[in-house]
Amino acid sequence: MVVDGGTVAWVGSEGAAESYASGVDEVIDLAGALVTPAFTDAHVHTTATGLALTGLDLADARDLADALARVAGFAQANPGHRVLLGHGWDESRWPGQRPPTRAELDAATGGRPLYLTRADVHSAVVTSALLARVPGVEAMPGHHPDGPLTRDAHHAVRRAAYAAVTPEQRAAAQRAALAHAASLGIGAVHECAGPEISSEDDLTALLRLAAAEPGPHVYGYWAEAVTGAKDLERIRDLGAVGAGGDLFVDGSIGSRTACLHAPYTDAPAVGGTAYLDAAAIADHVALCTEAGVQAGFHAIGDAAVAAVAQGVREAARRVGLDRVRALRHRVEHAEMMTEETVAAFAELGLVASVQPAFDAAWGGEDGMYAQRLGAERARTLNPFAAMTRAGVPLALGSDSPVTPLDPWGTVRAAAFHRTLEHRISVRGAFNAHTRGGWRAVGRDEAGVLVPGAPADYVLWQAGDLVVQAPDERVANWSTDPRSGTPGLPDLTPGLALPKALRTVVGGRTVFARPNE
């Protein structure tokens, strides 16, 4: 492969490459390394990811006592933090399945402000000192006198917590997140920002940093419903590529705020939370389509996903199906799909921005999904094969810090879904995690290594290359060597994942593993 500036200039046989050798500035002998397009993570919260990397991460806390001990240790080690920030607790994994109480956190922090998000980031536990910074929070929907906060109360305390992060802390967190992404072979991320998630300053600072310093490309989405020309102007002024990302139609399954047709199995009085209805969805999509702006939504529960399909179909009736399809409007997560909503996504040209690691973390007969929904409903979640067969475009991501940045692990999770019938081939998942992310931002020429494509690629230390279809019902044709399908690393669970040796973005090396 010959790279000229930021573009792939030529790809061909080793023999033909010799004619180029004398005219290039540098020749890299791969020494057996694998070269692939760089990954695109289609759903990231960059600052929150960096804060988790550099701060308090409770993802692997063994139990409640371990979590509280870590909170106390973090508070003692960081006396200068105006607000202590942490992430990742998941009570469904702990004996007793109970989150920390406010009194326990007050004691662990010595009465200091603390904001501690659940693994799904749709609820949080906080200390009394942080609540005191949010006047009127007790009257907001989602407030609980001693338990996790959800809905408006959660959004309000999150704004207060993040307001205490200094610009220097924020920049350090963003650099840490992007450097970590590059070290994993990620060449582009889709930042899912919004007024209830981060802030305008956070998004614009991230876009400036990414433009000024070597690292992954960053494409920003702003999650605010469009009601008129001023909203569209703000989207453009922020530098966002779309009015979507985490524009919440509902919440999450773990926090029991995903909006369902039938109540939660473990909470029969709860059916989730609906933030937007089909009429509001239709207005948003119609206005965005008329302005040539990509729209999108966060939708997880079956009722929420159905509302998106209904709303987008109504928008298509108003402005034209072809115009709606052309903009590739997005739905983030799209976990509880039915045959009807899968067909609607295909008809309307909706991109499904999905996170296979959710199934790896919470799927299975004994996982959190089964606890919340019952085993029968849990088995229907994240039907990647059905979406692929129907022609729904997939873009894979992590929703980091909800699940970690881990591109090969994400491909493995899609190919070895806990429910056999939802598995897709490794090749299909790889394409969805490389080219799929670029197509989701309207860049059809990227995510592949052909002449004229952007020079975004990774050198990998990998084992044997195979053509892998874990289930005979999915892409069985690709196992035939005569198809010419290139091999990819063997991602069978239990085997080591490939390790990035060098990540190149726009022809510039943004990560090189030391001494390798």
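The values are calculated or read from the model by the stated rules, or taken from the named source; none is laboratory data. Everything numeric here is computed off the predicted structure, so don't read it as measured data. Positions of Cβ are generated from backbone atoms using ideal geometry, with glycine treated the same way; all protein chains shown enter the neighbour counts. In case anyone asks, the SASA skips ligands and DNA or RNA and just uses the protein heavy atoms, side chains included. Shrake-Rupley method; radii C 1.70, N 1.55, O 1.52, S 1.80 Å.
Below is a table of values for the structure above.
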| read-out | value |
| --- | --- |
| Identity of the residue in region 404-432, in contact with a strand residue (DSSP E or B) (Cβ under 9 Å, 6 or more places away or on another chain) and of a type in the set (Phe, Trp, Tyr), that ends up farthest from Gly391 (Cα to Cα) | Trp408 |
| Selection status of His154, buried (at least 22 other Cβ atoms within 10 Å of the Cβ), of a type outside the set (Phe, Trp, Tyr) and outside any helix (DSSP H, G or I) | no |
| Odd one out for His180 among (1) open to solvent by 30 Å² or more (accessible area, probe 1.4 Å); (2) under 29 Å from Asp90 (Cβ atoms); (3) modelled with pLDDT under 95 | (3) |
| Selection within region 120-136 - touching a strand residue (DSSP E or B) at 6+ places or on another chain (Cβ under 8 Å) and either assigned to a helix (DSSP H, G or I) or surrounded by fewer than 20 Cβ atoms within 10 Å (Cβ to Cβ) (or both) | Ala129, Leu130 |
| Whichever residue in region 229-245 is open to solvent by 10 Å² or more (accessible area, probe 1.4 Å) and in a loop (DSSP other than H, G, I, E, B) and, among such residues, is farthest from Ile281 (Cα to Cα) | Gly239 |
| Contacts under 6 angstrom Cβ, first residue in region 66-77 being at negative phi, partner in a helix (DSSP H, G or I) and of a type outside the set (A, V, I, L, M), 6 or more apart | Leu68/Glu104; Ala75/Thr109 |
| Selection count, region 258-279, where residues are touching a helix residue (DSSP H, G or I) at 6+ places or on another chain (Cβ under 8 Å), open to solvent by 10 Å² or more (accessible area, probe 1.4 Å) and under 17 Å from His333 (Cβ atoms) | 7 |
| Count of region 458-487 residues which are at pLDDT 95 or above and open to solvent by less than 30 Å² (accessible area, probe 1.4 Å) | 3 |
| Residue list for region 418-440, restricted to those being crowded, with 24+ Cβ neighbours inside 10 Å and among the polar types (S, T, N, Q) | Ser425, Thr434 |
| Looking only at region 382-402, and only at residues there that are in a loop (DSSP other than H, G, I, E, B) and touching a residue at least 60 places away in the same chain (Cβ under 8 Å), the one that is most open to solvent (accessible area, probe 1.4 Å) | Pro393 |
| All helices (runs of 4 or more DSSP H) inside region 273-336 with 1 or more residues being closer than 23 Å to His422 by Cβ | 302-319 |
| Test result for Ala282, in contact (Cβ under 8 Å) with a residue 24 or more places away in the chain and buried (at least 24 other Cβ atoms within 10 Å of the Cβ) | no |
| Filter result for Arg62 (surrounded by 18 or more Cβ atoms within 10 Å (Cβ to Cβ), over 20 Å from Gly185 (Cβ atoms), among the basic types (Lys, Arg) and without any contact (Cβ under 8 Å) to a residue 60 or more places away in the chain) | no |
| Residue in region 79-97 that is crowded, with 20+ Cβ neighbours inside 10 Å and farther than 30 Å from Val354 by Cα present | yes |
| Test set (1) surrounded by 21 or more Cβ atoms within 10 Å (Cβ to Cβ); (2) out of contact with any Gly (no Cβ under 7 Å at 6 or more places or on another chain) - Val44 fails condition number | (2) |
| Where a residue in region 134-156 is polar (S, T, N, Q) and its partner, wherever it lies, is at pLDDT 90 or above, with Cβ under 7 Å and at least six apart | Thr150/Gly142; Thr150/Gly251; Thr150/Ser255; Thr150/Thr257 |
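This table checks each residue for (1) surrounded by 17 or more Cβ atoms within 10 Å (Cβ to Cβ); (2) more than 19 Å from Ala413 (Cβ to Cβ); (3) out of contact with any Cys (no Cβ under 9 Å at 6 or more places or on another chain).
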| position | (1), (2), (3) |
| --- | --- |
| Ala304 | yes, yes, no |
| Gly311 | yes, yes, yes |
| Asp322 | no, yes, yes |
| Arg328 | yes, yes, yes |
| Glu339 | no, yes, yes |
| Ala352 | yes, no, yes |
| Asp359 | yes, no, yes |
| Trp362 | yes, no, yes |
